[in-house]
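The values are calculated or read from the model by the stated rules, or taken from the named source; none is laboratory data. Just so you know, these numbers come straight off a predicted model, no measurement behind them. Here the Cβ positions follow ideal geometry from the backbone for every residue, glycine too, while neighbour counts run over all protein chains shown.
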Amino acid sequence: MARLVMKFGGTSVASIERIQHVARLVKTEITAGNEIAVVVSAMAGETDRLIALVDEAKAGNPDVNLDRREYDAVVATGEQVGAGLLALALNAIGVDARSWSGWQVPIKTDNVHGAARILGIENQALIDGLNKNQVAVIAGFQGVDEFGRIATLGRGGTDTSAVAIAVAIGADRCDIYTDVDGIYTADPRIVQRAHKLDRISYEEMLEMASLGAKVLQTRCVELAMVNGLVLRVVSSFNEPPDPNDGTLVCDEDDILENLMVSGITYSRDEARVNLLQVKDQPGVAAIIFGILAQQGINVDMIVQNVSRSSTQTNMTFTVRESDLDRSIEVLKASQNKIGYTDLTSDANVVKVSVVGIGMRSHTGTAQIMFQALADKGINIQVISTSEIKISVLIDEEYTELALRTLHSAYGLDAAEV
Ligand code: ADP
Ligand code: ASP
Ligand code: MG
């Protein structure tokens, strides 16, 4: 017998039929003797629809700032519907179940509305439910702040809710049911020859999630890693999975073979900024990045070109695409203070990254990447590296070509498609 959290994403509960199928998956685990808590997302497309309603409601009145607390009050309803419908479907097949909203548990969060972090979960009611064999169906993506207001955890946040619940009730594992049957070497919707990994380390998954693989929310992987909780990513579209199905996200010591590269990801949410002819003297970088930091703008990749002239240099860096306009505005307002001659920018860029703990022990990983891209005539604009990843910024139009090329170059292509 195991204590498990089963998490179901939007496509897994997209219709009443799919919810009924999910209810059968839950029943199978219970019949097998396991203790189950369920965490559920909004039906597919629902969160987007709610966000569009919020945008519509505030439009036309430029004086009204978007109150993130009301945004949260609206968008959190999607998960509440999902939880209620799944509890009903479970009851209908003879499984005792009840729904829980985040505030009812309660799942306590900070008050950064729209991107809140979970601070703690009161587990007593959930444990009581498990003890009387009642399945708790918990609405993901949400909690309650210290002022009693509903707060949401950012897009994809139900993954994080599920891991936090699993930790709070001392679950043996958290199963993330989704529309793919595991973690692949690249997004299988783009790289047809991607293959499923049986296991991936927390560290690699953390890098892949933060570098664009939206299959798991970054914070969920972080939380699982810190608490040593094993995650299993598995499909909800099949019949009840076999114990060996899916991908385990686990400690690197539990993985036998460390490939040089385990996964390739991309992120389109990038924009490049160039500041031309910046004074090449101490303190200039501190001024530029200080101005951006003050505005809460995160800078990701940075290069400073070595200039022939000893007095000037060019500074290139990337920000999120959604921060580009604001970045340009504050940098232009500080042109004299920084002392550059011209500012150019480009939002048609993508960051492509290769990730693998094997990089620590294999040499030549970067060379393979640069050569493969060069052979296809793809120009690299910016490079950044860490111990287990290499990222390059390239023209967005080459995204798919770059992903497929790198996937082959690192020998990751599945034998047959
Ligand atoms: P859910 O609604 O279940 O939370 P998501 O859409 O958030 O599902 O995540 C699943 C999707 O993640 C898949 O459909 C797939 O296209 C995408 N994805 C991106 N990178 C990967 C990867 N490396 N392995 C598997 N899926 C990936
Ligand atoms: N429904 C939310 C979203 O679409 C949370 C989630 O599905 O994880 O982002
Ligand atoms: Mg998701």
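Mind checking which residues of the range 360-377 are surrounded by 13 or more Cβ atoms within 10 Å (Cβ to Cβ) and of a type in the set (A, V, I, L, M)?
Listed by number, the residues that qualify are A366, I368, M369, A372, L373.
Is it true that Q134 is more than 16 Å from ligand 1 (Cβ to nearest atom), at pLDDT 95 or above and in contact with a strand residue (DSSP E or B) (Cβ under 8 Å, 6 or more places away or on another chain)?
On the way: more than 16 Å from ligand 1 (Cβ to nearest atom): yes; at pLDDT 95 or above: yes; in contact with a strand residue (DSSP E or B) (Cβ under 8 Å, 6 or more places away or on another chain): yes.
Spelling it out, Q134 is indeed more than 16 Å from ligand 1 (Cβ to nearest atom), at pLDDT 95 or above and in contact with a strand residue (DSSP E or B) (Cβ under 8 Å, 6 or more places away or on another chain).
Where in the range 295-394 are there strands (runs of 3 or more DSSP E), lying fully within it, with 3 or more residues that are of a type in the set (A, V, I, L, M)?
Numbers: elements: 299-305, 312-319, 342-346, 349-355, 382-386.
Because the criterion is at least 3 residues that are of a type in the set (A, V, I, L, M), the strands (runs of 3 or more DSSP E) in the range 295-394 that meet it are 299-305, 349-355.
Return the pairs, sorted by first residue and then second, in which the second residue is more than 16 Å from ligand 3 (Cβ to nearest atom) and of a type in the set (D, E, K, R), the first residue lies in the range 192-214 and is farther than 15 Å from L412 by Cβ, the beta carbons are less than 6 Å apart, and the residues are 6+ apart or on different chains.
Between residues of the range 192-214 that are farther than 15 Å from L412 by Cβ and residues that are more than 16 Å from ligand 3 (Cβ to nearest atom) and of a type in the set (D, E, K, R), the close pairs are S201/E252; E207/K389.
If you check G120 against the conditions, is it more than 16 Å from ligand 2 (Cβ to nearest atom), part of a loop (DSSP other than H, G, I, E, B) and surrounded by fewer than 19 Cβ atoms within 10 Å (Cβ to Cβ)?
Numbers: more than 16 Å from ligand 2 (Cβ to nearest atom): yes; part of a loop (DSSP other than H, G, I, E, B): no; surrounded by fewer than 19 Cβ atoms within 10 Å (Cβ to Cβ): yes.
No, not satisfied.
Conditions first: (1) at pLDDT below 95; (2) within 16 Å of ligand 2 (Cβ to nearest atom). I255 passes all but one, so which condition is the exception?
All conditions are met except number (2).
Name the residue that is farthest from V135 (Cα to Cα), counting only residues in the range 1-46 that are within 16 Å of ligand 3 (Cβ to nearest atom) and β-branched (V, I, T). It would help to see each step written out before you state the result.
Looking only at the range 1-46, we keep the residues that are within 16 Å of ligand 3 (Cβ to nearest atom), and these are 5-14, 18, 22, 38-46.
Checking the rest, the ones that are also β-branched (V, I, T) come to 5, 11, 13, 22, 38-40.
Working: V5: 10, T11: 21, V13: 17, V22: 13, V38: 7, V39: 10, V40: 12 Å.
Here the residue is T11.
Any idea which of V144, V167, V163 is at pLDDT 95 or above, away from ligand 3 (no atom under 16 Å from the Cβ), touching a helix residue (DSSP H, G or I) at 6+ places or on another chain (Cβ under 7 Å) and aliphatic (A, V, I, L, M)? Walk me through it before giving the result.
Details: V144 fails: touching a helix residue (DSSP H, G or I) at 6+ places or on another chain (Cβ under 7 Å); V163 fails: away from ligand 3 (no atom under 16 Å from the Cβ).
Step by step, each of V144, V167, V163 is checked, and only V167 is at pLDDT 95 or above, away from ligand 3 (no atom under 16 Å from the Cβ), touching a helix residue (DSSP H, G or I) at 6+ places or on another chain (Cβ under 7 Å) and aliphatic (A, V, I, L, M).
I need the full set of residues from the range 152-190 which are within 12 Å of ligand 1 (Cβ to nearest atom) and aliphatic (A, V, I, L, M), in order please.
Answer for the range 152-190, where residues must be within 12 Å of ligand 1 (Cβ to nearest atom) and aliphatic (A, V, I, L, M): A162, I176, V180, I183, A186, I190.
Got a number for residues in the range 153-168 being part of a helix (DSSP H, G or I) and small (G, A, S)? Walk me through how you get there before you give the answer.
Going through the range 153-168, the residues part of a helix (DSSP H, G or I) turn out to be 158-168.
Pick out the ones that are also small (G, A, S) and you get 161-162, 164, 166, 168.
Qualifying residue count, the range 153-168: 5.
Can you find even one residue in the range 57-70 that is surrounded by fewer than 16 Cβ atoms within 10 Å (Cβ to Cβ) and in contact with a helix residue (DSSP H, G or I) (Cβ under 7 Å, 6 or more places away or on another chain)?
Within the range 57-70, one or more residues are surrounded by fewer than 16 Cβ atoms within 10 Å (Cβ to Cβ) and in contact with a helix residue (DSSP H, G or I) (Cβ under 7 Å, 6 or more places away or on another chain).
Got at least one residue in the range 52-59 being in contact (Cβ under 8 Å) with a residue 60 or more places away in the chain and either within 16 Å of ligand 3 (Cβ to nearest atom) or assigned to a helix (DSSP H, G or I) (or both)?
Applying the first criterion (in contact (Cβ under 8 Å) with a residue 60 or more places away in the chain) to the range 52-59 yields none.
No, the range 52-59 contains no residue that is in contact (Cβ under 8 Å) with a residue 60 or more places away in the chain and either within 16 Å of ligand 3 (Cβ to nearest atom) or assigned to a helix (DSSP H, G or I) (or both).
Which ones in the range 213-222 are modelled with pLDDT of 95 or more and either within 12 Å of ligand 1 (Cβ to nearest atom) or surrounded by fewer than 22 Cβ atoms within 10 Å (Cβ to Cβ) (or both)?
First pass over the range 213-222, keeping only residues modelled with pLDDT of 95 or more: 213, 215-222.
Across the range 213-222, the qualifying residues are A213, V215, L216, Q217, T218, C220, E222.
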